[in-house]
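Engineer: Input: one structure, supplied below.
The values are calculated or read from the model by the stated rules, or taken from the named source; none is laboratory data. From a predicted model like this one, the values you see are computed outputs, not experimental measurements. Cβ atoms come from the backbone with ideal geometry, glycine included; neighbour counts cover every protein chain shown. Side chains included, ligands, DNA and RNA excluded: accessible areas come from the protein's heavy atoms. Shrake-Rupley method; radii C 1.70, N 1.55, O 1.52, S 1.80 Å.
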Amino acid sequence: MTLRREFDLPPQDVEFLDALGLPWETIVDGKVGIVIIHGFILPEGFEPRSVSVAFRIEPAYPTTQIDMAYFHPAI
């Protein structure tokens, strides 16, 4: 899997994502950045157990909060 790094995150965010031990990437969609974490394991009771989770990164980040997560496949 080739991981895209289309925009930079603050160093503390990169450190956090790397510490997860999961593949992750950053892509740009229009004016919005998206961080995708692949192979994220959901808690018991959710199906499917392993998903990719995407977070919208607004242009004003990190002064704005991340408030949405998108899952593929849907849970």
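Engineer: Per the helix-only calculation at 222 nm, which mean residue ellipticity applies to the chain, given -39500 (n - 2.57) for every DSSP H run of n ≥ 4 and division by its residues, nearest 500 deg cm²/dmol?
Structural biologist: Mean residue ellipticity, 222 nm, calculated: -4000 deg cm²/dmol.
Engineer: Expressed as a rounded percentage, what relative contact order does the chain have, with Cα pairs under 8 Å and six or more residues apart?
Structural biologist: 22 percent
Engineer: With springs only between Cα atoms under 10 Å, which of GLU47, GLU25, GLU58 fluctuates most in a Gaussian network model of the chain?
Structural biologist: Comparing GLU47, GLU25, GLU58 in a Gaussian network model of the chain, the most mobile one is GLU47.
Engineer: Continuing with the same structure: Give me the percent of accessible area attributable to carbon and sulfur for the chain, probe 1.4 angstrom.
Structural biologist: Summing carbon and sulfur atoms, their accessible area is 58 percent of the total for the chain.
Engineer: Right, another one. Tilt of helix 11-20 relative to the longest C-alpha principal axis of the chain, in degrees (0 to 90, nearest 10)?
Structural biologist: 10 degrees
Engineer: Taking the Cα centre of the chain as origin, sum charge times position over the Cβ atoms of Lys and Arg (+1) and Asp and Glu (-1), and report the length of that vector in debye to the nearest 20.
Structural biologist: Computed about the Cα centre, the dipole is about 160 debye.
Engineer: Starting from the residue with the highest accessible area, list ILE34, ILE66 in decreasing order, probe 1.4 Å.
Structural biologist: ILE66, ILE34
Engineer: While we're here: Considering the values (i) 13.8, 42; (ii) 15.8, 50; (iii) 12.7, 36, which represents Rg and Dmax of the Cα atoms in Å as calculated for the structure under consideration?
Structural biologist: Answer label, from the structure shown: (iii).
Engineer: Sorting HIS72, HIS38 by accessible area (1.4 Å probe), largest first, what list results?
Structural biologist: Putting HIS72, HIS38 in descending order of accessible area: HIS72, HIS38.
Engineer: Could you provide, to the nearest whole Å², the per residue accessible area of the chain with probe 1.4 Å?
Structural biologist: On the way: 5250 Å² over 75 residues.
For the chain, the solvent-accessible area averages 70 Å² per residue.
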